[in-house]
1. Collect the residues in segment 125-142 that are modelled with pLDDT of 85 or more and among the aromatic types (Phe, Trp, Tyr), keeping them in residue-number order.
2. For residue 68, state whether it is more than 19 Å from residue 236 (Cα to Cα), over 14 Å from the mean Cα position of the chain (by Cα) and among the hydroxyl-bearing types (Ser, Thr, Tyr).
3. For segment 207-223, what are the residues that are over 22 Å from the mean Cα position of the chain (by Cα) and within 17 Å of residue 142 (Cα to Cα)?
4. Can you name every residue in segment 188-216 that is without any contact (Cβ under 8 Å) to a residue 40 or more places away in the chain and loosely packed, with under 15 Cβ neighbours inside 10 Å?
5. Among the residues of segment 71-94 satisfying the criterion of being of a type in the set (D, E, K, R) and more than 15 Å from the chain's Cα centre (by Cα), which is nearest to residue 124 (Cα to Cα)?
6. Return the pair list, or none, for Cβ contacts closer than 8 Å from residues in segment 118-143 that are over 14 Å from residue 233 (Cβ atoms) to residues that are outside any strand (DSSP E or B) and hydroxyl-bearing (Ser, Thr, Tyr), at least 6 apart or on different chains.
7. If only one of 125, 146, 171 is of a type in the set (Asp, Glu) and in a strand (DSSP E or B), which one is it?
8. From (1) loosely packed, with under 14 Cβ neighbours inside 10 Å; (2) modelled with pLDDT under 95; (3) out of contact with any Asp or Glu (no Cβ under 8 Å at 6 or more places or on another chain), pick out the condition that doesn't hold for residue 240.
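The values are calculated or read from the model by the stated rules, or taken from the named source; none is laboratory data. Bear in mind that the values here come from a model prediction, so they are computed numbers and not experimental data. Cβ atoms come from the backbone with ideal geometry, glycine included; neighbour counts cover every protein chain shown.
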Amino acid sequence: MKRFGFTLSLFLIMGISSARDGGTTRNSFLSAGYMQAKESANFGLVFKGPGLTYGMCWNFINGNRLITYEYEIGAGILFSRDIPALGFYLKPVDLAYMFKIPAGESNLFIGPSLNLEYNYNLYPDLQSGFDYWFSNIGFGVNALYDFIYANSSFRIKLNSSIAGFSSRQQDYRDPYFYDIGFKYAISHLHQDLTFGSFNSFNTTKLEFYWKPVNESRVTIGYALKYSGYYQPPEIAMVSHSIKLIIGKKQK
């Protein structure tokens, strides 16, 4: 965890330094989509339903370097065989430090990324007071490509974890005893963090953005996201979402 804190601080310092020397853009976004979650601890049932998230993003560019930081918070209501579930999502850190490949006039940026994500689910009709979670601190690769076609701006963005720390509930829990509530949720989300790579978990997100005209403050995007944890109890989550991005108003 000390190494994680050091890495996070280093990323932030590099981002702030570049923001001072180069250009900075900021925008907020709202995403609405359709989510699916298969939780092995729920007898393999697949829960599906709508979700809504809100967040903000900063882009710091200086020469051949691009640093992006964003946060996101959301919730969803999922169903399986008329059984409801509540899902909560928080991503306080989505940080990438990228370089132009090759340097110069290229529109392709590639570099390392750091993500901190929390997924927290409740199944009140199925699992009483038990909570279910998947937390991860993922170190990965981020790639971004910009291009212009027919007077419109486009962006393709891909992020995938390579290794990191993850937390999940135990495969077996005492059916006569459980803890629930905000204090316990915070404790559970950081419980028994273990290091692993592709054999343990993976999170991958592919995004496609379209801005109708270069001067527009509005950008429309589509995002496909996958999250998977491969040790018992396994979980797989997939979401499709439409993203509306509003840029900061120019003075």
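1. Selection gives 132, 133, 134, 139.
2. No, not satisfied.
3. none
4. 191, 192, 194, 195, 197, 198, 199, 215, 216 - these are the residues of segment 188-216 that are without any contact (Cβ under 8 Å) to a residue 40 or more places away in the chain and loosely packed, with under 15 Cβ neighbours inside 10 Å.
5. 82
6. Listed by first residue and then by second, the contacts come to 128/178; 129/178; 139/7.
7. 146
8. Of the numbered conditions (1) loosely packed, with under 14 Cβ neighbours inside 10 Å; (2) modelled with pLDDT under 95; (3) out of contact with any Asp or Glu (no Cβ under 8 Å at 6 or more places or on another chain), the odd one out for residue 240 is (2).
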